[in-house]
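The structure appears right after this line, and notes come after that.
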Amino acid sequence: MKAAVFENIETMVVRDVPIPACEDDGILVRVEACGICGSDIRNFHGGLRHGVKSQIMGHEIAGTVEAAGKHVRRFKVGDHVAIAPDVSCGECWYCRRGLVNLCLDHKMLGTDWPGGFAQYVYGPGVVLARGMVHRMPDGLGFEEATLSEPAASVIACQEYNRVEAGETVAVIGDGPIGCLHVEVARARGASTIIMIGLTRLKLVPAFGPDAVIDAGAQDPVEQVRKLTGGLGADIAICANPVAKTQAQAVELVRKRGRVVLFGGVSKQNPMTTLNSNTIHYNEISVVGAFSYTGPGHEKALRFIHEGKISARKYISGTVPLGRIAEGIALAEKGEALKVLVTPWAE
Ligand SMILES: [Zn+2]
Ligand SMILES: [Zn+2]
């Protein structure tokens with residue numbers, strides 16, 4: 001089969017590799033589409049976790065079950081499945097409490113096992129048991145289903161941080177994750193959603209924010225105050241990889257407001273400076289949010305199927321495997337939202 005193998009930093013080679021063997025407890029999936037994620041782009045430039053090399057990346061996967069081992073009950077040949085990458089250990093302090101996203105021995109498809117930038121991906125037994133493989137709702141397209149992985153983390157974040165009906169939500173970052181936050185906040189009943197962006201402002205209105213602030217031309221803090229009668233937003237979600245904007249988030253929420261650090265920033269430069277007096281006197285909560293649990297991934301598939309998340313609108317383009325480098329370049333240019341790899345296209 002054809003696969004795009006991450007050989008080393010900034011070196012991705014498309015070549016023939018053996019089709020993985022399907023064991024008794026695993027499934028082999030024919031990959032129909034696999035999203036290029038912001039983390040794939042970061043890893044392409046910065047390397048995979050633990051210095052892993054010669055690995056097939058890609059973790060926003062949708063495809064068809066091609067073979068199922070004889071011990072597999074949950075899936076059969078021909079099923080359409082969406083696969084998210086996280087696999088928890090099932091035994092650590094966090095896993096025993098259901099907090100599998102915080103697992104101490106967390107592993108990922110695309111890092112610890114070969115991922116979806118290939119014509120087939122193999123889900124071994126441990127991935128089926130403790131990972132995130134879910135049957136797609138009938139009628140949902142493969143390309144749309146790849147959005148379930150990023151959507152799951154957005155849904156989990158807003159549940160954990162209790163984004164509620166009537167709230168004013170400021171979303172910082174106009175990439176696909178920011179747009180997902182806008183749609184999910186709307187689905188949860190937020191009344192005013194303010195998007196603060198920079199590079200993709202033209203694409204953002206399609207996702208229905210009530211106001212869009214151009215951070216390149218306007219002061220986001222001033223604008224959010226203006227839009228909220230001077231009060232500030234109830235919650236600000238930082239959905240971009242820029243530490244500096246986290247400082248703005250603290251300034252643009254109301255007293256007792258919440259700031260959620262959702263987007264990872266560069267591993268080389270993760271430090272940020274927040275005004276601790278603002279946090280102290282205004283009783284602001286600053287929290288992190290990362291990943292999701294299995295039911296979150298299933299819920300994301302439902303949200304997409306029900307149209308609460310308009311998956312189609314995120315897909316700026318698809319590239320065949322042989323042009324994956326072009327796809328990565330397109331995804332990071334800041335003009336596209338989601339770029340997918342379709343491994344069987346020429
Ligand atoms: Zn992803
Ligand atoms: Zn664990």
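The values are calculated or read from the model by the stated rules, or taken from the named source; none is laboratory data. A quick note: this is a predicted structure, and the numbers were derived from the prediction, not measured. Counting neighbours? That spans all protein chains shown, and the Cβs are built from the backbone with ideal geometry, glycine included.
From (1) within 14 Å of the chain's Cα centre (by Cα); (2) closer than 30 Å to ALA211 by Cα, pick out the condition that doesn't hold for ALA82.
All conditions are met except number (2).
With the requirement that a residue be among the hydrophobic types (A, V, I, L, M, F, W, C), assigned to a helix (DSSP H, G or I) and touching a residue at least 12 places away in the same chain (Cβ under 8 Å), what does the range 308-332 give you?
We begin by selecting, within the range 308-332, every residue among the hydrophobic types (A, V, I, L, M, F, W, C); these are 309, 311, 315, 319, 321, 324-325, 328-331.
In the following step, the residues that additionally are assigned to a helix (DSSP H, G or I) were identified as 311, 321, 324-325, 328-331.
If the condition is that a residue be among the hydrophobic types (A, V, I, L, M, F, W, C), assigned to a helix (DSSP H, G or I) and touching a residue at least 12 places away in the same chain (Cβ under 8 Å), then ALA311, LEU321, ILE324, ALA325, ILE328, LEU330, ALA331 are the ones that fit.
Name the pairs whose Cβ atoms lie under 9 Å apart, with the first residue in the range 73-101 and under 24 Å from PRO137 (Cα atoms) and within 16 Å of ligand 1 (Cβ to nearest atom), the second part of a strand (DSSP E or B) and among the small types (Gly, Ala, Ser), and 6 or more positions between them or separate chains?
Every condition considered, the pairs that remain are ALA82/ALA62; ALA82/GLY63; ILE83/ALA62; ILE83/GLY63; ILE83/GLY123.
May I ask you to verify whether GLY116 is outside any helix (DSSP H, G or I) and on the phi > 0 side of the Ramachandran plot? Break it down stepwise before answering.
Values: outside any helix (DSSP H, G or I): yes; on the phi > 0 side of the Ramachandran plot: no.
Judged against the criteria, GLY116 is not a match.
For the subset of the range 20-46 comprising residues that are aliphatic (A, V, I, L, M) and at pLDDT 95 or above, which member is farthest from ALA82 (Cα to Cα)? Step through it out loud before you land on a result.
Of the range 20-46, the ones aliphatic (A, V, I, L, M) are 21, 27-29, 31, 33, 36, 41.
Next cut, at pLDDT 95 or above only: 21, 27-29, 31, 33, 36.
Numbers: ALA21: 20, ILE27: 13, LEU28: 13, VAL29: 10, VAL31: 10, ALA33: 10, ILE36: 15 Å.
Once the filter is applied, the top-ranked residue is ALA21.
Would you point out which residue out of VAL77, VAL87 is in contact with a strand residue (DSSP E or B) (Cβ under 7 Å, 6 or more places away or on another chain), β-branched (Val, Ile, Thr) and within 16 Å of ligand 2 (Cβ to nearest atom)?
Numbers: VAL77 fails: within 16 Å of ligand 2 (Cβ to nearest atom).
Just one listed residue meets the conditions, VAL87.
Select, from VAL133, VAL121, VAL127, VAL163, the only residue that is crowded, with 19+ Cβ neighbours inside 10 Å, among the hydrophobic types (A, V, I, L, M, F, W, C) and closer than 12 Å to ILE237 by Cβ. I'd like the intermediate steps shown before the answer.
On the way: VAL133 fails: closer than 12 Å to ILE237 by Cβ; VAL121 fails: closer than 12 Å to ILE237 by Cβ; VAL127 fails: closer than 12 Å to ILE237 by Cβ.
Exactly one of VAL133, VAL121, VAL127, VAL163 is crowded, with 19+ Cβ neighbours inside 10 Å, among the hydrophobic types (A, V, I, L, M, F, W, C) and closer than 12 Å to ILE237 by Cβ, namely VAL163.
Does ILE213 fit the bill of being outside the structural domain of GLU332 (by TED's automatic domain parsing), touching a Phe, Trp or Tyr at 6+ places or on another chain (Cβ under 6 Å) and either over 25 Å from LYS299 (Cβ atoms) or among the aliphatic types (A, V, I, L, M) (or both)? Step through it out loud before you land on a result.
On the way: outside the structural domain of GLU332 (by TED's automatic domain parsing): yes; touching a Phe, Trp or Tyr at 6+ places or on another chain (Cβ under 6 Å): no; either over 25 Å from LYS299 (Cβ atoms) or among the aliphatic types (A, V, I, L, M) (or both): yes.
Answer is no for this residue.
Restrict the check to the range 106-116 and report whether at least one residue is without any contact (Cβ under 8 Å) to a residue 24 or more places away in the chain, in contact with a helix residue (DSSP H, G or I) (Cβ under 9 Å, 6 or more places away or on another chain) and within 16 Å of ligand 2 (Cβ to nearest atom).
Yes: the range 106-116 contains one or more residues that are without any contact (Cβ under 8 Å) to a residue 24 or more places away in the chain, in contact with a helix residue (DSSP H, G or I) (Cβ under 9 Å, 6 or more places away or on another chain) and within 16 Å of ligand 2 (Cβ to nearest atom).
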